1. Taking the stretch 64-80, which residues are in a strand (DSSP E or B) and surrounded by fewer than 23 Cβ atoms within 10 Å (Cβ to Cβ)?
2. If you take the residues in the stretch 14-25 that are hydrophobic (A, V, I, L, M, F, W, C) and modelled with pLDDT under 95, which one is nearest to Glu126 (Cα to Cα)?
3. For the stretch 81-94, enumerate the residues that are surrounded by fewer than 19 Cβ atoms within 10 Å (Cβ to Cβ), outside any helix (DSSP H, G or I) and not charged (D, E, K, R).
4. Taking the stretch 106-129 only, how many residues are under 10 Å from Leu78 (Cβ atoms) and assigned to a loop (DSSP other than H, G, I, E, B)?
5. What do you reckon, is Arg45 at pLDDT 95 or above, under 14 Å from the mean Cα position of the chain (by Cα) and not β-branched (Val, Ile, Thr)?
6. Residues that are in a helix (DSSP H, G or I) and surrounded by fewer than 17 Cβ atoms within 10 Å (Cβ to Cβ): does the stretch 19-34 have at least one?
7. Quick check on my filter: what residues within the stretch 87-128 are touching a strand residue (DSSP E or B) at 6+ places or on another chain (Cβ under 7 Å) and of a type in the set (A, V, I, L, M)?
8. Report whether or not Ala116 is closer than 20 Å to Leu48 by Cα, surrounded by 14 or more Cβ atoms within 10 Å (Cβ to Cβ) and over 13 Å from the mean Cα position of the chain (by Cα).
Amino acid sequence: MDAREPLKRQSVATDAAPAALGPYSQAITAGGFVFCSGTTGIDPRTGLAPEGIEAQTEQALRNLSAVLEAAGASLGDLVKTTIFYADVEDFAKLNQVYARFMPDPPPARSAPANVALPRGLLISIEGIALLPI
């Protein structure tokens with residue numbers, strides 16, 4: 001690629017995950033990576049979030065998986081995740097669910113707690129994945 005050539009970006013969208021709640025894309029592919037916006041625990045079929053951190057974490061990870069699949073990647077291609085969650089006391093519970101979905105070795109991760117999320121949601125998970133060659 002010519003160093004002067006602009007990096008190509010492409011939006012990723014799928015009905016298998018909730019639509020963006022604002023002026024952003026579910027994900028963007030660029031430079032061999034997939035950059036996923038935060039996915040919440042909202043069920044894309046009903047538009048509702050289930051009760052509890054475990055159920056919302058599982059749904060958020062299913063939504064993240066759907067967005068990655070739409071981009072041509074999977075949870076196994078994740079290199080970095082960030083988990084934003086509402087209550088630091090939920091860390092052990094969300095971690096148990098999260099561990100079931102992650103590859104070995106798991107991606108790098110950060111997890112800021114006590115974050116006020118819209119609509120009273122309990123969790124949002126964003127990710128960066130490598131696009132398979």
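The values are calculated or read from the model by the stated rules, or taken from the named source; none is laboratory data. Model, not experiment: these values are computed from the prediction. So basically every Cβ, Gly included, is an ideal-geometry build from the backbone, and we count neighbours across all protein chains shown.
1. Within the stretch 64-80, the first condition is being in a strand (DSSP E or B), and the residues that meet it are 78-80.
Result: Val79, Lys80.
2. Our first condition is that a residue be hydrophobic (A, V, I, L, M, F, W, C); within the stretch 14-25, this holds for 16-17, 19-21.
Still in the list and also modelled with pLDDT under 95: 19-21.
Working: Ala19: 15, Ala20: 13, Leu21: 14 Å.
Taking the candidates together, the pick is Ala20.
3. Taking the stretch 81-94 and keeping what is surrounded by fewer than 19 Cβ atoms within 10 Å (Cβ to Cβ), we get 82, 86-93.
Pick out the ones that are also outside any helix (DSSP H, G or I) and you get 82, 86-87.
Thr82, Ala86 - these are the residues of the stretch 81-94 that are surrounded by fewer than 19 Cβ atoms within 10 Å (Cβ to Cβ), outside any helix (DSSP H, G or I) and not charged (D, E, K, R).
4. Matching residues across the stretch 106-129 total 2.
5. Values: at pLDDT 95 or above: yes; under 14 Å from the mean Cα position of the chain (by Cα): no; not β-branched (Val, Ile, Thr): yes.
No, not satisfied.
6. Taking the stretch 19-34 first, the residues in a helix (DSSP H, G or I) are none.
Within the stretch 19-34 (the criterion being in a helix (DSSP H, G or I) and surrounded by fewer than 17 Cβ atoms within 10 Å (Cβ to Cβ)), the answer is no, since none of the residues qualifies.
7. Residues satisfying the conditions are Leu94, Ala108, Ala111, Ala113, Val115, Leu117, Leu121, Leu122, Ile123, Ile125, Ile128.
8. Values: closer than 20 Å to Leu48 by Cα: yes; surrounded by 14 or more Cβ atoms within 10 Å (Cβ to Cβ): no; over 13 Å from the mean Cα position of the chain (by Cα): yes.
Criteria not met by Ala116.
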